[in-house]
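The values are calculated or read from the model by the stated rules, or taken from the named source; none is laboratory data. The model shown is predicted, which means the values in this text are computed figures rather than measured ones. Ideal geometry is used to build each Cβ from the backbone, glycine not excepted, and the neighbour counts take in all protein chains shown. Just so you know, the surface numbers come from the protein's heavy atoms only, side chains and all, with ligands and any DNA or RNA stripped out. Shrake-Rupley method; radii C 1.70, N 1.55, O 1.52, S 1.80 Å.
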Amino acid sequence: MTISFEMTLDGVFDQMEHWFDENDPGLQRASDELVFGADAVLLGRESYEFFREYWPKQTDDRGFAAHYNALPKYVASTTLTGPLDWNATLIEGDVAEAVRGLRERYGSIISHGYGGLAATLVDAGLVDEIRAGIHPFLVGTEGQRLTTPHPVGLRLLGVEASASGIIAARYAPASSAT
């Protein structure tokens, strides 16, 4: 099971219209690898409701949208009732137990977002990989996040990874010439 999510450098998951560039070649490559390699999708209620409004309306030359729309989807929710649309099945009962069963049935399951469902899956030892797309923007409008009066695009100056997994990234404002 792979959990995948996108966020800004300061931890913003929402307000994507300010920083998410779906045409970025690196993002497309990573998304293609993840989605075309998947056999099923696991979603929480919020992700399911957002994606089912967005994805069925999408088309592209790569076949990405068609493939994603065709994948079987499983939705963990205590507030939704079935049957669900968009090729989705509601998980009833213990989510961790249901996902164990899904793992026996499907070779590659992906889940999007990092909310309550992801925390449950990690806690139950059901996650093999977490893919975090960290976008070079500061949005800074929530709680204890970094603050900025408006979204700020950044450009990568360099990155180093330590053996412990810490990523030391150096960014500059996108408008800066240095």
Can you list residues whose amide H is under 5 Å from Leu90's amide H, if they're 5+ apart or on another chain and H is modeled 1.01 Å from N? Val75, Leu84
Just to confirm the number: angle between the C-alpha axis of helix 95-105 and the first principal axis of the chain, 0 to 90 degrees, nearest 10? 80 degrees
Which value in Å is the Kirkwood Rh of region 1-115 over different Cα pairs? 15.0 Å
The helix 25-36 Cα axis meets the longest alpha-carbon principal axis of the chain at an angle in degrees, between 0 and 90 and rounded to 10, of 10 degrees
Tell me the net charge near Arg52. Cut-off is 9 Å between Cβ atoms, Arg52 excluded, with +1 for each Lys or Arg and -1 for each Asp or Glu. -2
Region 54-110 and region 1-35 have their Cα centres apart by a whole-number Å value of 19 Å
Cβ neighbours within 10 Å, averaged per peptide: list 117-129, 58-70 in order, most packed at the top. 117-129, 58-70
Can you tell me how much longer the chain between Val159 and Thr78 gets when fully stretched, taken as 0.36 nm per residue apart minus their C-alpha distance, in nm with one decimal? 25.0 nm
Spelling out what I want: for every residue of region 47-62, take phi, set θ = phi - 60°, compute 6.51 cos²θ - 1.76 cosθ + 1.60 (Karplus), and round to whole Hz; glycine and proline get x. 5, 4, 5, 5, 5, 5, 7, 8, 5, x, 8, 8, 9, 7, 6, 7
5 Å is the cut-off here: which amide hydrogens, built 1.01 Å from N in the peptide plane, fall below it relative to Asp39, excluding neighbours closer than 5 in sequence? Ser108, Ile109, Ile110
Rounded, prolate or oblate (a/c below 1.5 giving rounded, otherwise prolate when a/b exceeds b/c) for region 1-59 by Cα gyration tensor: rounded
Quote the relative contact order of the chain in percent (integer), defining contacts as alpha-carbon pairs under 8 Å separated by 6+ residues. 30 percent
Starting from the Cα-Cα distance between Phe20 and Arg103, subtract it from 0.36 nm times their residue separation and give me the gain in nm to one decimal. 26.8 nm
Helix-derived mean residue ellipticity, 222 nm - over the chain, DSSP H n ≥ 4, -39500 (n - 2.57), to 500: -8000 deg cm²/dmol
Would you compute, for the Cα atoms of region 54-104, the largest minus smallest coordinate along each principal axis and list the three values in descending order, in whole Å? 39, 25, 12
Only Lys, Arg (+1) and Asp, Glu (-1) charged, at Cβ; the chain dipole about Cα centre in debye: 200 debye
Rg/Rh (Cα only; Kirkwood hydrodynamic radius) as it applies to region 34-178: 1.03
Between beta-carbons, use under 15 Å as the cut-off and find the net charge around Leu80, counting Lys and Arg +1, Asp and Glu -1. -2
Karplus (6.51, -1.76, 1.60) ³J(HN,Hα), θ = phi - 60°, over region 132-138, in Hz, Gly and Pro reported as x: 10, x, 9, 8, x, 9, 10
Express in Å², to the nearest 10, the accessible area of Ile167 obtained by rolling a 1.4 Å probe over the protein heavy atoms while all chains stay in place. 110 Å²
Cut-off under 5 Å, modelled amide H: who pairs with Ser4 long-range: Ser111, His112, Gly113, Arg131
